[in-house]
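Please treat every number below as a calculation from the coordinates, not as lab data. The shown structure was predicted, so the numbers you read here are calculated from the model rather than taken from an experiment. Quick reminder, even Gly has a Cβ in these numbers, built from the backbone with ideal geometry, and neighbours come from all protein chains shown.
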Amino acid sequence: MDQCVPSAMIVADERVSTVRRRPPGHEGDSSFCPLREGGAMPPTILHMAPPVSDTERPVPRWAMRLAHALPLLLLPSCLWRLPFALHFEMGQIQGPGMPSYWVSIPYVLGLSVFSELTALLAIGLVRGWGEVAPAWLPFIGGKRVRRLAAVVPAVVGGLILTLLFTGVPIGDGRELMLYGIIETVEYASGAWQALATVCIAPTALWGPIVVALAVAYHRRRAAGRMGVPA
């Protein structure tokens with residue numbers, strides 16, 4: 001069985017004396033194995049969590065992936081919503097009374113942009129700029145972000161999003177939401193309804209993901225404050 005070269009072991013014979021040391025960042029890492037016998041690099045079988053050097057403590061892999069996936073999860077619904085700005089109803093059967101263009105265009109565009117910006121803001125829960133404010137921000141730039149100043153808005157916002165977007169279809173054109181039963185929108189055909197379902201369904205995860213990220217952020221920052229080893 002191949003053996004890793006221990007840190008700082010001196011390999012000496014009659015002709016050569018070589019010191020092999022661990023590169024910076026791998027001190028104390030017993031899993032580091034620079035070379036196999038014959039000079040070949042060892043194959044990577046298990047991939048470790050991506051390194052994050054700008055947070056005080058390591059971010060769990062699941063939190064990192066969820067935070068960066070959130071904007072992509074919301075993108076289909078944002079794109080699906082855009083035609084409504086020009087009064088194209090995407091197969092929905094609605095009564096008359098669409099607002100004028102000067103209302104529908106800024107409303108729909110603003111809602112889509114706001115949704116993506118909110119999703120991007122959640123990435124701060126797994127990055128360093130969520131712990132120390134970026135230097136370019138006025139008044140608070142370079143200052144440490146208080147833990148509750150990030151956790152409380154994220155949890156409250158996540159609960160509101162869950163209340164608004166998370167529901168369970170119960171048949172007969174109705175859907176069970178946290179605040180009650182609502183009538184769902186009818187579509188001109190099954191194809192239009194399927195398209196809407198595929199695009200809109202991921203928004204049901206928006207709120208729960210934000211809450212989960214906020215809880216992980218709180219636990220990570222609290223553990224760092226108490227000096228709990230990683």
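In this structure, Val152 and Leu178 have a Cβ-Cβ separation that, at R0 = 25 Å, corresponds to a calculated FRET efficiency of about 0.80.
Does region 61-224 come out rounded, prolate or oblate, given a ≥ b ≥ c as the square roots of the eigenvalues of its C-alpha gyration tensor, rounded meaning a/c under 1.5 and, failing that, prolate meaning a/b above b/c? Prolate. Remark on Val132: its backbone amide H falls under 5 Å from those of Val145, a criterion applied only to residues 5 or more positions apart or on other chains, H modelled at 1.01 Å from N.
Sparsely packed loop sites in region 148-207 (the GluC sites (Glu not before Pro) outside DSSP H, G, I, E and B with at most 15 other Cβ atoms within 10 Å) comprise Glu186.
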